[in-house]
Each structure stands twice: as structure tokens, then as C-alpha cells.
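Report on the following structure.
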Amino acid sequence: QVQLVESGGGLVQPGGSLRLSCVASGRTFSSVAMGWFRQAPGREREFVAGINWNGKSTYYADSVKGRFTASRDNAKNTVYLQMNSLKPEDTAVYYCAANAHPWVTTDLRGYDYWGQGTQVTVSS
């Protein structure tokens, strides 16, 4: 069993930055890939970023590539999402999720555990 708790969301102006954190409980954290997803009102949940088990490979949706950076600290059971140059279209609830495998998948069906989500609002 893995429990995930996100934090770091909030209201930010366009062009601003936020860093999301996701703390995991459970001894399997360091052996699985982690993903970040988001869901805006009226839209399906979508893949944003993923990082493999050892942090050496990361993957991003085209819409965030070059602006968002995923990282992890396995000693702290924590995964991060640094979000820069935020746009109004980035507004959504952001979720972290633990994959069933060490490698990243972009399909949300590959993720066994989910956090409760944290709201990110980009607005002037």
C-alpha cells in the first residue's frame, strides 16, 4: 500500500512559478516510476510528466516541455514538479501517482496509487 500526499499548489500570475511536492509512504517508492497528471474542469485527466524509478529518465507532455521539470529524492520518498512560465491553460488539479513498474507510462491506467490532488490556478 502506498499513500501519496501532494502540496505546493496555489494561485500564481501568468509567467510565475510553483513547485509541487508529493510525499509517499510505503517501502516500494524507490522502485517505481512516478507520474504527474492534471485535470481541468470538464476535461479528462491528462499526463503531464513522469520520472523513472532512479530519476535518470523523465518524460513530459508537449504542452509543458521546456517549462516543467520532474525530479525525485528517493531518500525522502518525495517527487517534485517544478513549474515555470505558467500559463492560464495550466490551471487544473494536479495529481501525483505511483506506477506499477519502474518505467514511466503516459497512460493513467498504469498507475496504482493516486494522491488527493492540489489545485493550481494561473490567473492575473
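The numbered conditions (1) in a strand (DSSP E or B); (2) open to solvent by less than 40 Å² (accessible area, probe 1.4 Å) are all true for residue 71 except (2). Kindly indicate whether residue 85 is surrounded by fewer than 18 Cβ atoms within 10 Å (Cβ to Cβ) and assigned to a strand (DSSP E or B). Considered against the rule, which asks whether it is surrounded by fewer than 18 Cβ atoms within 10 Å (Cβ to Cβ) and assigned to a strand (DSSP E or B), residue 85 comes out as no.
Here residue 44 fulfils each of the conditions (1) part of a strand (DSSP E or B); (2) open to solvent by 60 Å² or more (accessible area, probe 1.4 Å) apart from (1). The residues of segment 1-41 that are of a type in the set (Lys, Arg) and in a loop (DSSP other than H, G, I, E, B) amount to a single one, 27. Of all residues in segment 1-27, those satisfying the criterion of being open to solvent by 60 Å² or more (accessible area, probe 1.4 Å) and either within 21 Å of residue 101 (Cα to Cα) or basic (Lys, Arg) (or both) are 1, 3, 5, 19, 23, 27. The residue of segment 28-41 that is nearest to residue 120 (Cα to Cα), among those that are open to solvent by 20 Å² or more (accessible area, probe 1.4 Å) and out of contact with any strand residue (DSSP E or B) (no Cβ under 6 Å at 6 or more places or on another chain), is 41.
The values are calculated or read from the model by the stated rules, or taken from the named source; none is laboratory data. It should be emphasised that the depicted structure is a prediction, and the values quoted were computed from it without experimental measurement. Positions of Cβ are generated from backbone atoms using ideal geometry, with glycine treated the same way; all protein chains shown enter the neighbour counts. Remember, those area values only see protein heavy atoms, side chains included, never the ligands or the DNA or RNA. Shrake-Rupley method; radii C 1.70, N 1.55, O 1.52, S 1.80 Å.
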